Amino acid sequence: MIPALLSNYAPTDLSFEKGEGAYLFGNDGRRYLDFSSGIAVTSLGHAHPDIVEAITDQASKLMHISNLFRIPGQEELAQKLVDATFADAVYFSNSGAEANECGLKMIRKYFSDNGQSERYRVLAFENSFHGRTLATIAAAGQAKLLEGFGPVMDGFDQIPAGDIELVKASITPETAGIIIEPIMGESGIQVIDPDFLRALRTLCDEEGLLLMFDEIQTGMGRTGKLFAYEHSGVVPDIMTSAKALGNGFPIGACLAVEKVAKCMVAGTHGSTYGGNPLGTRVAGTVVDIMTADGFMDRVAQIGGHLKQALHGVIDRYPTVIEELRGVGLHLGLKCKVENTALLDALRKHSVLTAKGGDNVVRLLPPLIIDEDQIREFITALEAACEELA
Ligand SMILES: *Cc1c(COP(=O)(O)O)cnc(C)c1O
């Protein structure tokens, strides 16, 4: 007999009854400080009153109608995202991987519509993560994602990030676009050099390639800007969002500039649930909160304070943590000890964090944390480091 639940995850033996702001209440009777946010999702904290109100009010009226009919809330959310970003149009999905699928299809469709269907290959970077569908695992190209799921979908090439000459040398007459995470989240908060992003933009302009940013993890305020591209000023042609967009309600988005978006005419793509009245109402509320005056400034400020405090801990425990990485509240502690050892020790001190690649512990607190919660976290981290040093 096998468990009724598919064994594709390996969860920690801990569950929760409820959440409130930056805290989670475990079924073990303990209160946890949540510095994982369900992997950068619950960025406004748990049970945010405006989100609860949006869900209950909308659910009592209309949750779903399908895209056979106009959905005013979907049109409003699209307009809010267009107003807040570089984009001219938005498609809504139910997850990050689906948002990326849309972006990758857009790249092919753009060249097909322009009489260049031989240009379909997308250049991606080693150690990327773009989701778990067949196309997105092929895009990321990581062996651990592809193992057992061959043949690998055609159309993706991977090279290491950072070397623009290598990118130039890897472009062929079949190359259509480039996909990159401005900060590689799953692989351990690897911040891509803004100069490299700028060079990619220039190269894409010269070669007529489309530049796609996967901001599923970096977006929606995580780095102290609504989207991370704002830090470098490098504007992509296509950008995806998900995770914090719904603060826990499943919704993703694929944003694009006009020349690309206009290729996706009626019948080219779709989703039954995508952009339904409930999801778009919740995401609309999230966008309103995050684009309100001062919200992002506060995230950047509190992120700075957390970073400063973390540097102090790293100075005191160099045998436990060797490096702090990241921007805003998208942070990673590169460990000298096993990252899982630090993660477990933090959990014993009632703090939840998330594992990342490259032996990193990711710190993904809700964007609404305050100074007291930072102090609480630092106290727990020091205790954990003391035990592991
Ligand atoms: C989480 C994530 C995805 C996949 O999102 P899902 O909602 O799990 O499909 C894709 N890209 C990046 C950068 C992510 O962090």
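Which one of the conditions (1) among the small types (Gly, Ala, Ser); (2) over 30 Å from Leu363 (Cβ atoms); (3) free of Cβ contacts under 8 Å to residues at least 40 places away in the same chain; (4) within 16 Å of the ligand (Cβ to nearest atom) does Gly219 fail to meet, given that it meets all the rest?
Evaluating Gly219 over (1) among the small types (Gly, Ala, Ser); (2) over 30 Å from Leu363 (Cβ atoms); (3) free of Cβ contacts under 8 Å to residues at least 40 places away in the same chain; (4) within 16 Å of the ligand (Cβ to nearest atom) leaves (2) as the failure.
Take the range 82-96 and flag every residue that is surrounded by fewer than 24 Cβ atoms within 10 Å (Cβ to Cβ) and either among the polar types (S, T, N, Q) or assigned to a helix (DSSP H, G or I) (or both).
Within the range 82-96, Val82, Asp83, Ala84, Thr85, Asn94, Ser95 meet the criteria.
Run Ala292 past the list (1) open to solvent by 20 Å² or more (accessible area, probe 1.4 Å); (2) among the aliphatic types (A, V, I, L, M); (3) within 23 Å of Ser241 (Cβ to Cβ); (4) in contact with a Leu (Cβ under 9 Å, 6 or more places away or on another chain) and report the number of the one that doesn't hold.
(4)
Quick check on my filter: what residues within the range 97-126 are open to solvent by 50 Å² or more (accessible area, probe 1.4 Å) and outside any loop (DSSP other than H, G, I, E, B)?
Of everything in the range 97-126, those that are open to solvent by 50 Å² or more (accessible area, probe 1.4 Å) and outside any loop (DSSP other than H, G, I, E, B) turn out to be Glu98, Lys105, Arg108, Lys109, Ser112, Asp113.
Out of curiosity, is Asp57 assigned to a helix (DSSP H, G or I), modelled with pLDDT of 95 or more and open to solvent by less than 60 Å² (accessible area, probe 1.4 Å)?
yes
Given the criteria of a type in the set (D, E, K, R) and under 18 Å from the mean Cα position of the chain (by Cα), does Glu186 qualify?
yes
Could you give me the residue pairs with C-beta distances under 7 Å whose first residue belongs to the range 141-168 and is among the β-branched types (Val, Ile, Thr), whose second residue is open to solvent by 80 Å² or more (accessible area, probe 1.4 Å) and modelled with pLDDT under 95 wherever it lies, and which are 6+ apart or on separate chains?
none
Which ones in the range 334-354 are part of a strand (DSSP E or B) and farther than 20 Å from Glu376 by Cα?
Matches in the range 334-354: Lys334, Cys335.
Only one of Leu331, Leu310 is under 28 Å from Tyr229 (Cβ atoms) and in a strand (DSSP E or B); which?
On inspection, the qualifying residue turns out to be Leu331.
Yes or no, residue by residue, for (1) over 23 Å from Met296 (Cβ atoms); (2) at pLDDT below 95; (3) open to solvent by less than 30 Å² (accessible area, probe 1.4 Å); (4) more than 16 Å from the ligand (Cβ to nearest atom):
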site	(1), (2), (3), (4)
Ala22	no, no, yes, yes
Gly29	yes, no, no, yes
Pro49	no, no, no, yes
His64	yes, no, no, yes
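Among residues belonging to the range 108-141 that are of a type in the set (S, T, N, Q) and within 12 Å of the ligand (Cβ to nearest atom), point out the one that is farthest from Gly96 (Cα to Cα).
Applying the filter and picking the extreme gives Asn127.
Scan the range 306-317 residue by residue and report those that are open to solvent by less than 70 Å² (accessible area, probe 1.4 Å) and not hydroxyl-bearing (Ser, Thr, Tyr).
Leu306, Lys307, Ala309, Leu310, Gly312, Val313, Ile314
The values are calculated or read from the model by the stated rules, or taken from the named source; none is laboratory data. Please read these numbers as outputs of a predicted model, since none were measured by experiment. Cβ sites come from the backbone with ideal geometry, for glycine too, and all protein chains shown count toward neighbours. The protein model used for the area step is the full one, side chains on, heavy atoms only, and it has no ligands, DNA or RNA in it. Shrake-Rupley method; radii C 1.70, N 1.55, O 1.52, S 1.80 Å.
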